[in-house]
Amino acid sequence: MKREHVLGAIITAVGWLVMIIYLLPFIWMIGTSFKPIGEWGLPTLFPKVITLRNYLEVLLTGGIYGVRGHFPPIGHYLLNSLLVSICVASLTSWLGALTGYAILRYKAGGTSFANWILSLRMIPPVVVLYPLVVLTKSLALYDTLGGLILVYPLVTIPITTWFMVGSLKSVPKETEEAALLDGCTPFQVFYKITLPQATTGLATAFIFAFIFSWSEFLIPLLLAPSERAMPLTVFAAYFSNQYGILWGPLSAAAVIISIPVIVLAFLIRKYIVHGLTMGFVR
Amino acid sequence: MKPSTALILPTLAFLLILVVYPTVYLFYMMFQSFNPLLEMAPHFVGIRNFITFVNDPEAAYAIAIMLLLTAITVPAELGLGMLLGILLSSRHLHGRSILASFLLIPMSIPAVIIGLNWKMIFFTEGPLNAFLKSVGIPPQPWLSAPFGNPFNTIFCLAVLDVWQWTPFIALAVSSGIESVPAEVREAASLDGASEAQILRHVVLPMIKGVILIVLLLRVIDSLKIFDIIYMLTYGGPGSVTTTLPFYIYKVGFTLTAAHADLGYASLLAVVLLLIASILVVMVLMRVFKIERVIWE
């Protein structure tokens with residue numbers, strides 16, 4: 001018994017130590033976001049003097065640093081990211097549910113359709129982006145939020161579809177079959193019987209799509225080059241390239257951009273591995 | 001119309017616009033030449049882009065660097081991830097679920113933010129060099145490595161990807177280990193096997209499938225690495241870290257490469273598509289037994 005305790009203490013200490021060292025870069029950045037201007041470059045994790053100025057500037061006032069440059073507040077880009085992510089997540093969790101249901105219950109398109117959707121998760125998006133730039137330009141959607149909402153599903157449809165296949169699987173078939181015999185159409189069965197039993201799965205698919213949309217960088221870099229539709233990720237990149245020395249505000253912006261997705265990932269932590277492996281690992 | 005067709009119709013419409021049309025367009029464009037900075041419209045050049053590709057050392061280098069990055073990151077992620085996963089699934093570890101939640105942080109923050117974070121860390125007057133100096137190691141030029149030794153910069157990029165995705169392997173491995181039934185462990189334990197032996201000879205062989213799948217997913221995803229290159233090195237110094245996706249970006253979007261041309265970029269995109277498809281078709285479809293996962 002005694003030996004067990006010692007072993008437990010050692011393993012626990014090692015585990016926590018490894019985790020803290022692992023997260024040091026991120027912890028350092030959080031620390032830097034609370035540091036006043038003189039401390040930015042220091043390797044210390046915690047500020048000697050805590051200041052909220054970085055957050056105030058990033059969120060509300062913008063910042064002016066003489067020759068080092070000035071930057072606008074983040075609000076406009078935050079709103080862009082929120083709008084696009086919510087629209088894409090709603091749209092593609094619904095599309096994913098419909099398609100997942102069709103694949104699961106009706107074998108729609110057979111094995112090849114299912115394989116095709118799966119393979120789309122594997123193709124690097126840079127491959128198809130030039131044609132999509134041409135397309136959005138001809139539809140007058142280039143450099144608009146609408147254009148981003150049209151193109152992001154390229155990334156999120158395969159993820160939500162595969163996630164929904166997995167979660168709809170646990171919905172019992174029997175009630176559906178009874179309803180079909182009573183003369184309901186497949187759409188009625190889907191909306192009135194199946195989907196209400198898979199709300200957790202649907203919400204999780206929504207969150208997955210939200211996280212992926214929030215983090216998307218290459219698509220908006222190429223499709224929304226001006227201020228108008230620019231989301232947070234592209235803003236962070238420009239911020240870093242132009243005012244790279246302003247580490248305090250830069251860190252504050254990075255923390256603000258990260259917090260929503262970290263919180264959402266915690267909410268769906270039970271399903272993360274399942275979702276990222278397209279349901280092939282429970 | 002069959003009900004199944006009606007159900008997938010909305011998604012099909014999206015994929016037609018987002019995947020089928022662009023692919024067809026690429027195959028058309030790769031026989032054209034078009035530099036919007038110099039010309040008004042694309043014009044047909046036959047197989048000239050193919051000849052450019054065959055004689056373009058930058059393209060060959062970009063493919064090699066892309067594969068090198070895969071060859072560095074994936075084994076590192078697998079090794080570290082398995083160690084971390086085994087540690088995480090140890091029943092002696094207190095606060096397992098809290099640690100597992102912390103592991104979600106690197107995976108969930110946008111890659112751009114990870115690039116931004118580590119750009120500061122690697123900065124010549126940044127915290128890493130300040131720390132090294134305090135323990136007596138001279139500062140290193142992490143990102144401004146001289147042209148002669150490109151490996152430094154590639155190594156820095158690899159660190160970012162490994163930092164972000166090792167937790168994914170760790171979580172998959174630990175959930176795999178936890179799914180091994182307790183009876184199996186008990187039976188082995190009754191036969192006199194030590195914990196290390198059980199792990200080595202019973203548990204790990206049972207989760208081989210899980211490990212293979214996450215490994216292949218990492219290989220495939222490593223072909224997509226773009227954000228961290230954009231943030232950390234912008235393909236440089238010179239074009240040392242210009243992988244194929246980043247080369248496509250330079251040739252077709254910023255028009256800054258020597259062969260800047262949208263037709264040529266389309267050809268390069270088709271090459272990347274082929275490399276990814278070969279991996280998907282040859283390897284993944286044999287491992288991912290779709291029929292079994294969905295319909296059984």
Legend entry - Whole-number Å³ per residue for the convex hull built on Cα positions in the protein assembly as shown: 184
Inset, instruction - Please work out the FRET efficiency for the pair residue B:68 and residue A:173, using the Cβ-Cβ distance as r and a Förster radius of 56 Å; give the result to the nearest 0.05. - result: 0.70
Legend entry - Farthest positive-ward along the protein assembly as shown dipole, Cα basis, beta-carbon charges - from A:148, B:93, A:162: B:93
Legend entry - Fewest-first sequence of B:259, B:92 by Cβ atoms within 10 Å of each Cβ: B:92, B:259
Inset, instruction - Specify the angular offset, from 0 to 90 degrees and rounded to the nearest 10, of the alpha carbon long axis of helix B:151-178 from the longest principal axis of the alpha carbons in chain B. - result: 40
Legend entry - Cβ-placed point charges (K, R +1; D, E -1), dipole of the stretch A:1-126 about Cα centre in debye, nearest 20: 260
Legend entry - Mean-position separation - Cα centroids, the stretch A:94-148 and the stretch B:95-119, in angstrom: 28
Legend entry - Shielding score for B:117-129, defined as the mean number of other chain Cβ atoms within 10 Å: 5
Legend entry - Contour minus Cα-Cα distance for residue B:182 and residue B:278 (0.36 nm per residue): 30.6 nm
Inset, instruction - Under 16 Å Cα to Cα from residue B:224, which lysines show up? Leave out anything in the same chain fewer than 8 places away. - result: B:250
Legend entry - Per-selection metrics, the stretch A:55-97 (Cα): Rg and Dmax in Å: 16.1, 52
Legend entry - Loop-located chymotrypsin sites (Phe, Trp or Tyr not before Pro) in the stretch A:110-183 whose Cβ has at most 15 other Cβ within 10 Å (DSSP): none
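Using 23 Å as the Cα-Cα cut-off, could you pick out the over-long pairs in A:192/B:2; A:173/A:270; A:192/A:270; A:2/B:208?
A:173/A:270; A:192/A:270; A:2/B:208
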Inset, instruction - Provide B:256, B:241 in ascending order of the number of other Cβ atoms located within 10 Å of each residue's Cβ, fewest first. - result: B:256, B:241
Legend entry - For the stretch A:28-139, fraction of C-alpha pairs farther apart than 16 Å, in %: 78
Inset, instruction - Evaluate the stretch A:75-276: find the radius of gyration of its Cα atoms, find its Kirkwood radius, and give the ratio Rg to Rh. - result: 1.04
Inset, instruction - Would you compute, from DSSP H runs of 4+ residues alone, the mean residue ellipticity of the protein assembly as shown at 222 nm, taking -39500 (n - 2.57) per run and dividing by the full residue count, rounded to the nearest 500? - result: -20500 deg cm²/dmol
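Under the definition of Cα pairs under 8 Å and six or more residues apart, what whole-number percent is the relative contact order of the stretch A:75-276?
34
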Inset, instruction - Report relative contact order for the stretch B:66-258 in percent, whole number only (criteria: Cα-Cα under 8 Å, sequence separation at least 6). - result: 32
Inset, instruction - Check each of the trypsin sites (Lys or Arg not before Pro) in the stretch B:85-135 and keep only those in coil by DSSP with at most 13 other C-beta atoms within 10 angstrom; list them in order. - result: B:91
Legend entry - Rounded, prolate or oblate (a/c below 1.5 giving rounded, otherwise prolate when a/b exceeds b/c) for the stretch B:66-258 by Cα gyration tensor: prolate
Inset, instruction - Determine the dipole magnitude for chain A: charges of +1 sit on the beta-carbon of Lys and Arg, -1 on that of Asp and Glu, nothing else is charged, the reference point is the Cα centre, and the result goes in debye to the nearest 20. - result: 520
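Test of understanding: express the Cα radius of gyration of the stretch B:10-56 as a ratio to 2.2 N^0.38 Å, with N the residue count.
On the way: Rg = 14.1 Å, N = 47, 2.2 N^0.38 = 9.5 Å.
Relative to the rule-of-thumb radius for its length, the stretch B:10-56 sits at 1.48.
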Inset, instruction - Rank the residues B:218, B:185 as a footprinting-exposure proxy: fewest other Cβ atoms within 10 Å of their Cβ go first. - result: B:185, B:218
Legend entry - Charge dipole (debye, nearest 20) of the protein assembly as shown; +1 at Cβ of Lys and Arg, -1 at Cβ of Asp and Glu: 540
Inset, instruction - Using only Cα atoms, tell me the angle between helix B:208-222 and the longest principal axis of chain B; keep it within 0 to 90° and round to the nearest 10. - result: 30
Legend entry - Extension gain, residue B:55 back to residue B:20 (0.36 nm per residue minus Cα-Cα distance, nm): 9.6 nm
Inset, instruction - Could you work out, residue by residue across B:221-230, how many beta carbons of other chains sit within 10 Å of that residue's beta carbon, and then give the average as an integer? - result: 4
Legend entry - Volume per residue of the C-alpha convex hull in the stretch A:1-51, rounded to whole Å³: 79
Inset, instruction - Measure nothing but the geometry: give the 0 to 90° angle between the long axis through the Cα atoms of B:57-88 and the longest principal axis through the Cα atoms of chain B, rounded to 10°. - result: 20
Legend entry - Residue-averaged beta-carbon neighbours from other chains (10 angstrom radius) around A:145-151: 1
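Where a number appears in this text, it was derived from the coordinates with a stated rule and is not lab data. Quick caveat, the model's predicted, so the values are computed rather than measured. Here the Cβ is made from the backbone with ideal geometry for all residues, glycine too, and neighbour counts use every protein chain on show.
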